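**Student:** Structure provided below as structure tokens; questions to follow.
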Amino acid sequence: MARDLVDHNRPVFDFVHPRIYAAAVGLVVWFALSAWILFDHRFGKPGEASLSLTMVSVLLFMAVLLPWTLSLIWRRHRMPYEGEGKAKDIVFRDWRGGDVEVWGSKLRSTHAAIDVLLPLMAVAFGLTAIGIVFLICASFAS
């Protein structure tokens, strides 16, 4: 285990960079597309699973739409003492080199990004892997 000196001049942010949110939305889209592409024709007749996949897609769409809508409302109705557009002005490289405040504690920004994106990556890539295995098994079965 390396013993690194504590860098006391690291910037501290109270938000996650917008690129992390964009990556999360991209992973949700990946999950929905892989479900539609890999699993729509798996259950007997083509289109038989369309209702289930449509409901999952609507759920994922709402899971992305609600936080985005709330962020737009929050941005529009800020308090006068809050800064204007500070999340947009920070370069990703600067944000990545700093820390993020999380419930009175500090967490490195890269660790915060991993904590946000890792569950989404596991689900999206796992579903893709399962779909590929199903396609390979189906090609050997017929």
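The values are calculated or read from the model by the stated rules, or taken from the named source; none is laboratory data. Please read these numbers as outputs of a predicted model, since none were measured by experiment. Note that we place each Cβ from the backbone using ideal geometry, even for glycine, and neighbour counts take in every protein chain shown.
**Student:** Filter segment 28-42 down to the residues that are closer than 17 Å to I132 by Cβ, of a type outside the set (D, E) and either at pLDDT below 90 or surrounded by fewer than 17 Cβ atoms within 10 Å (Cβ to Cβ) (or both) and list them by number.
**Tutor:** L33, A35, W36, I37, L38, F39, H41, R42
**Student:** Hey, among the residues in segment 71-93 that are at pLDDT below 75 and of a type in the set (A, V, I, L, M, F, W, C), which one's nearest to P11 (Cα to Cα)?
**Tutor:** Checked segment 71-93; the qualifying residue nearest to P11 (Cα to Cα) is A87.
**Student:** I would also like to ask the following. Can you pull out the residues in segment 98-127 that are surrounded by fewer than 15 Cβ atoms within 10 Å (Cβ to Cβ), assigned to a helix (DSSP H, G or I) and not β-branched (V, I, T)?
**Tutor:** Answer for segment 98-127, where residues must be surrounded by fewer than 15 Cβ atoms within 10 Å (Cβ to Cβ), assigned to a helix (DSSP H, G or I) and not β-branched (V, I, T): H111, D115, L118, P119, A122, F125, G126.
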